Amino acid sequence: MTSILIADDHPMIRWAISRLAGRNAFHTIAQAANAQEALSAIADHDPDIVILDLAMPSGSGMEVLRETRPK
C-alpha cells in the first residue's frame, strides 16, 4: 500500500483527502497543519507521496518541497 502524508491547514480538507485516498489503496501515515509540521513528518515517516497545500501557516507547500527535494 502506498503511504501518503497530507499537509493542509484545514482539518476538514485533511480528513476528506485521507478518506478518499483510503478508498483507493493509499494509507495516510501522517498529517500536518503547517509547513514546519510537514517537514518534521516527512523526516519522521518518509512517505511515498506528499500532498501539500500551497498556502499554509509558517511557509508554503512550495517551500516544503524545496526543503525536501534532493539537491
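The values are calculated or read from the model by the stated rules, or taken from the named source; none is laboratory data. As the structure is a computational prediction, the values presented were derived from the model and not from experiment. Neighbour counts run over all protein chains shown; Cβ positions are idealised from the backbone, glycine included.
Here are the numbers for the structure shown:
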{"item": "Residues located in segment 6-47, provided they are of a type in the set (Ser, Thr, Tyr) and either under 14 Å from Leu65 (Cα atoms) or modelled with pLDDT under 95 (or both)", "result": "Ser40"}
{"item": "Helices (runs of 4 or more DSSP H) contained entirely in the chain, each with at least 3 residues that are exposed (fewer than 11 other Cβ atoms within 10 Å of the Cβ) and without any contact (Cβ under 8 Å) to a residue 40 or more places away in the chain", "result": "11-22"}
